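**Student:** Here you go, one structure.
The values are calculated or read from the model by the stated rules, or taken from the named source; none is laboratory data. Keep in mind that what you see is a predicted model, and the values were worked out from it rather than measured. Positions of Cβ are generated from backbone atoms using ideal geometry, with glycine treated the same way; all protein chains shown enter the neighbour counts.
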Amino acid sequence: MPSVTAKANLRAQVTDGIVEAVLDELADVGFGRLSMDGVARRARAGKAALYRRWPSKQEMVLDVVAGLSVPAAATVPSDDLVADVTALVAGVDAWLSDVRMSRILPDLLAEAMRNPELADALTRRVGTARRGYGQAVIDAAIARGEVSPDVDSEYVLDLVAAPVFWRICGRREQTGPAFVDRVVDSALHALGVSAR
């Protein structure tokens, strides 16, 4: 009889397989056509294995996408604003450069325009969480006196992500270090800080 540890490892392997299947299925068919049956087939698991983990397709997708999209531990600001902003932009770039995520995110955003419940959940579980890390960086810089308290942080946070999103998901082009540096410089300029 398998040990408790062996059973836990097997459950974790099954969950990992299901997560990969969800991401592959989302990238291939999109949210609208994704089904629990399709994910179960791709994962070579029973539908019951999915329903033990998630009560619905939407909850499954949100959980998997949030797990990939939101870092496990909150980014802790350092005393180096340039390094912090660079890390924020590089994090967005790495997230959106993922081959599956560059296909999944635009599809989910389009679906969210038709599905207010999905839109609210995406905002809460992915958008707000990711922006929270950026806001912490800005708040720390304000506390250190590097950035004015009346800075338009919402605009800065848009600058951290929007150019990268548009380049990768809108134009379907790669970014590269020079592009990332330009985005960092734009965000720093909006913060009222000289770029490097």
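**Student:** I'd like to know if the stretch 133-142 contains one or more residues that are exposed (fewer than 14 other Cβ atoms within 10 Å of the Cβ) and either modelled with pLDDT under 90 or of a type outside the set (Val, Ile, Thr) (or both). Steps first, please.
**Tutor:** From the stretch 133-142, those exposed (fewer than 14 other Cβ atoms within 10 Å of the Cβ) are none; that's our starting set.
For the stretch 133-142, residues exposed (fewer than 14 other Cβ atoms within 10 Å of the Cβ) and either modelled with pLDDT under 90 or of a type outside the set (Val, Ile, Thr) (or both): absent.
**Student:** Test each condition in (1) touching a Phe, Trp or Tyr at 6+ places or on another chain (Cβ under 9 Å); (2) without any contact (Cβ under 8 Å) to a residue 40 or more places away in the chain for Val70 and report the one that comes out false.
**Tutor:** Evaluating Val70 over (1) touching a Phe, Trp or Tyr at 6+ places or on another chain (Cβ under 9 Å); (2) without any contact (Cβ under 8 Å) to a residue 40 or more places away in the chain leaves (2) as the failure.
Results for (1) at pLDDT below 95; (2) exposed (fewer than 13 other Cβ atoms within 10 Å of the Cβ), shown as yes or no for each residue.
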site	(1), (2)
Ser102	yes, no
Pro106	yes, no
Thr123	yes, no
Gly127	yes, no
Arg171	yes, yes
Phe179	no, no
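**Student:** Which pairs have Cβ atoms under 6 Å, sit 6 or more apart or on different chains, and link a residue in the stretch 160-184 that is closer than 13 Å to Ala94 by Cα to one that is crowded, with 18+ Cβ neighbours inside 10 Å and of a type in the set (Asp, Glu)?
**Tutor:** Val164/Asp93; Thr175/Asp93; Val180/Asp93
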